[in-house]
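The values are calculated or read from the model by the stated rules, or taken from the named source; none is laboratory data. In this text the structure is predicted, and so the values were computed from the model without any measurement. We place every Cβ from the backbone using ideal geometry, glycine too, and count neighbours over all the protein chains shown. Just the protein is used for accessible areas: all its heavy atoms, side chains included, with ligands, DNA and RNA removed. Shrake-Rupley method; radii C 1.70, N 1.55, O 1.52, S 1.80 Å.
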Amino acid sequence: MDNPLRIHFQDDLMEAGCDEAGRGCYAGPVFAAAVVLPRDFFHPLLNDSKQVTPENRNLLRPYIESNSMAWAVARVDHDEIDRINILKASFKAMHLALDQLKIRPKLLLIDGNRFIRYRRTPHRCIVGGDAIFASIAAASILAKTWRDEYMQQLHGEFPHYGWNSNKGYGTREHRNAIEKHGLCKYHRRSFDINPVELLQNDPTLFE
């Protein structure tokens, strides 16, 4: 099976692909990953994590971790998301992942249209990059699987929100649970879900 993803943006500089997971969630951290791939890297299932089944994502994760030249995953928790906003938190999570890489890339490939520069390393923002470049796709797989695993752990503490299935996203199940049980300590107060209206102006839900 052929994989249409490009391995590299250019041929001269060592690249790292970066992506995040959980930016649009009601609860939990935002995770980000940075991945440096060898030039002969290949896996026929690799794609944007949103286009890959959970089963295949779980197959890809150990393959990426074992066959990349370097990889790292980092997170920024809900309380910091509320302090600095989700966009800056996403960029910070990417920076934290880059800090952990054992290899220093010379070019960063960022999924999306914005980024806060990391040190003096040049970067390219690529909309839909996780469906174009293998390193960004690999980063999307790692960020997604690590975050899903983390939300599964939080589900054990607050099972009524259904985080084992919705992973903190604003599904009908999750919204109904918020209406019934209120917000918990892992919910993002800054997320634009209009919680005051949603929770019928009950201030005790924020305690």
Cα convex hull of region 1-59: how many Å³ per residue? 115
Suppose R0 equals 22 Å. What FRET efficiency, 1/(1 + (r/R0)^6) with r the Cβ-Cβ distance, do Asp40 and Ile103 give to the nearest 0.05? 0.85
Give the accessible surface of region 1-128 per residue, rounded to a whole number of Å², with probe radius 1.4 Å and ligands, DNA and RNA excluded. 51
In whole percent, the fraction of accessible protein surface over the chain that belongs to carbon or sulfur atoms, probe radius 1.4 Å, stands at 49
If you count, for each residue, the other Cβ atoms within 10 Å and average over each peptide, how do 31-40, 112-121 line up from highest to lowest? 31-40, 112-121
Amide H contacts under 5 Å for Val30, placed H, 5+ residues apart: Val76
Per the helix-only model, the chain has a calculated mean residue ellipticity at 222 nm (DSSP H runs of ≥4, -39500 (n - 2.57) each, divided over all residues, rounded to the nearest 500) of -11500 deg cm²/dmol
Please report the base-10 log of the normalised intensity I(q)/I(0) for the chain, using a Debye sum with one equal scatterer per alpha carbon and no solvent, at each q in 0.09, 0.10, 0.11 (1/Å). -0.36, -0.44, -0.52
Computed magnitude of the charge dipole of the chain (debye, nearest 20; Cβ of K, R +1, Cβ of D, E -1): 540
With the Cα gyration tensor of region 120-178 giving a ≥ b ≥ c as the square roots of its eigenvalues, does the rule (a/c under 1.5 for rounded; else a/b larger than b/c for prolate; else oblate) give rounded, prolate or oblate? prolate
For each pair in Lys88/Lys185; Lys144/Lys185; Lys106/Lys185; Lys92/Lys180, compute the distance between the two Cα atoms and list the pairs where it is over 31 Å. Lys106/Lys185; Lys92/Lys180
Out of residues 5 or more away from Leu13 or on other chains, whose amide H comes under 5 Å of its own, with H placed 1.01 Å from N in the peptide plane? none
Sorted by packing (mean other beta-carbon atoms within 10 Å per residue), highest first, where do 137-145, 72-80, 20-28 land? 137-145, 20-28, 72-80
With r defined as the distance between the Cβ atoms of Asn85 and Thr121 and R0 fixed at 25 Å, what FRET efficiency is calculated, to the nearest 0.05? 0.60
Could you give me D for region 53-155, from Stokes-Einstein at 37 °C and 0.692 mPa s, where the hydrodynamic radius is the Kirkwood radius over C-alpha pairs? Units µm² s⁻¹, please. 226
